[in-house]
Amino acid sequence: MSIKENLQNVLRPIPSTVTLVAVSKFHPASAVQAAYEAGQRIFGESRVQELEEKRPLLPADISWHFIGHLQRNKVKYIAPYIDMIHAVDTLSLLQEINKEAQKQERTIRCLLEIHIAQEESKYGFSMDECRNLLKSEDWEHLTCIEICGLMGMATFTDDTETIAKEFSTLQAFFQEIKVTYFSDKPYFKELSMGMSDDYLIAIEQGSTMVRVGSKIFGHRSY
Ligand SMILES: *Cc1c(COP(=O)(O)O)cnc(C)c1O
């Protein structure tokens, strides 16, 4: 099957209110171009160097989302153009994004990554860490970022009940954070959850943004 057909198959069950981020990491610019020609405009990458290499080869109206773990010293490379950063998990990263966005005289949209899976991970806030950050108000004077919502990844398992439960927990937490800290900020509205194997479960549980890679571009060779 072609990338175009894969894309159409992925899009078919996605409601128009849900945004598809096509995750093109480890695939060449030609694959992105094929998806672009089939109508896709939003692409996700998880490594700065790879994104920097691919982007000049591709149409300028692509909306690039950074979905991977982002090191502070690399923010400056993507700050001029990145449309959304999905996996912010420290205050210091948020401050760095704000600083670089200010230099570029732009606002960068961010999501806070919440750790919901059973696997150990050094990345992502726990729910309490996230509450504490938002309570501290350290972020409120960061005027060149917009915290647009939350992002999470479910446990890597075939057990769809576990996955649904984790997504549902994140959705409830999203509502809590929205009413507690962002009731006057209409841009806080995105819940980024769901990948190739679980995006339909994620949508049932309230996802507004799905990040789908291998179902569109095929398997990645690392
Ligand atoms: C790679 C990646 C995806 C896409 O994974 P697929 O299983 O290929 O759809 C989504 N989100 C993040 C954070 C990723 O790193």
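Go through region 84-123 and report how many residues are surrounded by 14 or more Cβ atoms within 10 Å (Cβ to Cβ), of a type outside the set (A, V, I, L, M) and under 19 Å from Gly152 (Cα atoms).
Looking only at that region, the number is 7.
Out of Leu58, Leu11, which single residue is farther than 23 Å from Leu93 by Cα, away from the ligand (no atom under 13 Å from the Cβ), open to solvent by 50 Å² or more (accessible area, probe 1.4 Å) and hydrophobic (A, V, I, L, M, F, W, C)?
Leu11
Checking Ala164 against (1) touching a Gly at 6+ places or on another chain (Cβ under 9 Å); (2) in contact (Cβ under 8 Å) with a residue 40 or more places away in the chain; (3) more than 29 Å from Asn73 (Cα to Cα), which test does it fail?
Result: Ala164 passes all but (1).
Filter region 104-130 down to residues that are assigned to a helix (DSSP H, G or I) and in contact with a helix residue (DSSP H, G or I) (Cβ under 8 Å, 6 or more places away or on another chain), then give me how many there are.
So the answer is 2.
One line per residue, one yes/no per condition, for (1) within 16 Å of the ligand (Cβ to nearest atom); (2) among the hydroxyl-bearing types (Ser, Thr, Tyr); (3) at pLDDT below 95:
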| position | (1), (2), (3) |
| --- | --- |
| Ser136 | no, yes, yes |
| Thr143 | no, yes, no |
| Met153 | yes, no, no |
| Ile163 | yes, no, no |
| Glu166 | yes, no, no |
| Thr169 | no, yes, no |
| Thr180 | no, yes, no |
| Ser183 | no, yes, no |
| Gly194 | yes, no, no |
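Kindly indicate which of Phe26, Phe43 is closer than 27 Å to Gly149 by Cβ, within 15 Å of the ligand (Cβ to nearest atom) and either part of a helix (DSSP H, G or I) or open to solvent by 40 Å² or more (accessible area, probe 1.4 Å) (or both).
When all the criteria are applied, what remains is Phe26.
So if I check each of Tyr77, Tyr81, Tyr36, which one is open to solvent by 20 Å² or more (accessible area, probe 1.4 Å), within 24 Å of Met193 (Cα to Cα), away from the ligand (no atom under 15 Å from the Cβ) and assigned to a helix (DSSP H, G or I)?
After ruling out the rest, the residue left standing is Tyr36.
The values are calculated or read from the model by the stated rules, or taken from the named source; none is laboratory data. Just so it is clear, the model here is predicted, and its values are computed rather than measured. Glycine also receives a Cβ, built like all others from the backbone with ideal geometry; neighbour counts cover every protein chain displayed. All accessible areas refer to the heavy atoms of the entire protein, side chains included, with ligands and DNA or RNA removed. Shrake-Rupley method; radii C 1.70, N 1.55, O 1.52, S 1.80 Å.
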